[in-house]
Amino acid sequence: MVKKISVIFSILCALVLFFSCAKQENKDLSPVERIKSSGKIILGTSADYPPYEFHALIDGKDTIVGFDVAIAKEIAKDLGVELEIKDMSFDGLLAALVSGNVDMVIAGMTPDEERRQSVDFSDIYYSAIHGAVIRKADMDKYGKDPASLADKMIGAQKGAIQVNIAKQQIKNVPEAELDNNHSQIKELGTLPDLIMEVKNNKIEAVIAELPVAEAYVKANPDLAVAEYSFTDDAGGSSVAVKKNSPDLVEAINKTIARLQAEDKISEFVGEANMLADAQ
Ligand code: ARG
């Protein structure tokens, strides 16, 4: 009896050891090894930002397209895996990365210092300045000088750097107060909702990357892009990955360098703009 129990006990121990080792092995995989062994890389994006990423009807089917998606496909191709896309609101993207819900974020995301505390970034793959979308009829009133918006309601995407651009470069909020909400800055989750607020005279302007401002104005003849623009310190968009993923950052940078050498990124931007125009 005692012998039987001890045999069962040994078998149990061996099993526990076996499974904990198997689990350990999986945990020891580097990010690239893990992605390759799963056969797919999961992209997190916020498809409200033409020409970066947006929804389009392709052969009658709602599809997420844009130059960020084209770059993501190249990254997947170079890794030899499938691309899966998860569309979510912009302010949820970093949490999705940290929790492991997605493997990389490509969403016109600016690699600013604050974000660098929680995630790693690739090299910059595209640079843009920022513009203001206003109503065409207000061109003289709000289109010439950002100071004309100093005491007006304006909008920016929740969680995006445009909130701080609006605070610092339009509202003149001092550094120490940047974390406080501003009563004249409306922060909404998606660009279409913000654009709607301008069209309905609820706010006077929306700040977004200039190519995005131009895409929304093309689709809405009652809107216009203001004549002035804004810049930020980080100066472009990067791919974000979970912190401490050196081999994944390296693989992504390699793909970006290849695409730049082949002049593919500007080609993707052109294609995305044409697709956005056709919508
Ligand atoms: N570049 C800005 C940022 O990183 C805005 C990006 C918004 N992207 C989007 N897909 N909605 O905060």
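Out of region 251-279, which residues are loosely packed, with under 14 Cβ neighbours inside 10 Å, over 14 Å from E74 (Cβ atoms) and touching a helix residue (DSSP H, G or I) at 6+ places or on another chain (Cβ under 8 Å)? The answer is D277, Q279. May I ask you to verify whether A132 is near the ligand (Cβ under 10 Å from one of its atoms), modelled with pLDDT of 95 or more, under 23 Å from P211 (Cα atoms) and not in a loop (DSSP other than H, G, I, E, B)? Considered against the rule, which asks whether it is near the ligand (Cβ under 10 Å from one of its atoms), modelled with pLDDT of 95 or more, under 23 Å from P211 (Cα atoms) and not in a loop (DSSP other than H, G, I, E, B), A132 comes out as no. Checked against (1) away from the ligand (no atom under 13 Å from the Cβ); (2) free of Cβ contacts under 8 Å to residues at least 24 places away in the same chain, D123 meets all criteria but (2). Looking across region 68-100 at every residue that is touching a Gly at 6+ places or on another chain (Cβ under 7 Å) and part of a loop (DSSP other than H, G, I, E, B), the one that is farthest from A251 (Cα to Cα) is identified as S89.
Annotation: of all residues in region 211-239 being closer than 17 Å to A166 by Cβ, away from the ligand (no atom under 16 Å from the Cβ) and of a type outside the set (S, T, Y), the one that is surrounded by the most Cβ atoms within 10 Å (Cβ to Cβ) is A226. Of the helices (runs of 4 or more DSSP H) lying entirely inside region 159-226, those containing at least 3 residues that are more than 22 Å from D145 (Cα to Cα) span 191-199. All told, A160 meets the bar of being within 16 Å of the ligand (Cβ to nearest atom) and in contact (Cβ under 8 Å) with a residue 12 or more places away in the chain.
In the condition set (1) closer than 18 Å to R258 by Cβ; (2) in contact with a Phe, Trp or Tyr (Cβ under 8 Å, 6 or more places away or on another chain); (3) part of a strand (DSSP E or B), I64 is compliant with all but (1). Against the criterion of being part of a strand (DSSP E or B), buried (at least 21 other Cβ atoms within 10 Å of the Cβ) and more than 13 Å from the ligand (Cβ to nearest atom), I35 does not qualify.
Would you please name the residue that is surrounded by the most Cβ atoms within 10 Å (Cβ to Cβ), looking only at residues in region 60-90 that are among the charged types (D, E, K, R) and out of contact with any strand residue (DSSP E or B) (no Cβ under 8 Å at 6 or more places or on another chain)? Checking each candidate, the answer is E74.
The values are calculated or read from the model by the stated rules, or taken from the named source; none is laboratory data. Given the structure is predicted, the values throughout are model-derived calculations rather than measurements. Glycine gets a Cβ as well: all are built from the backbone with ideal geometry, and neighbour counts include every protein chain shown.
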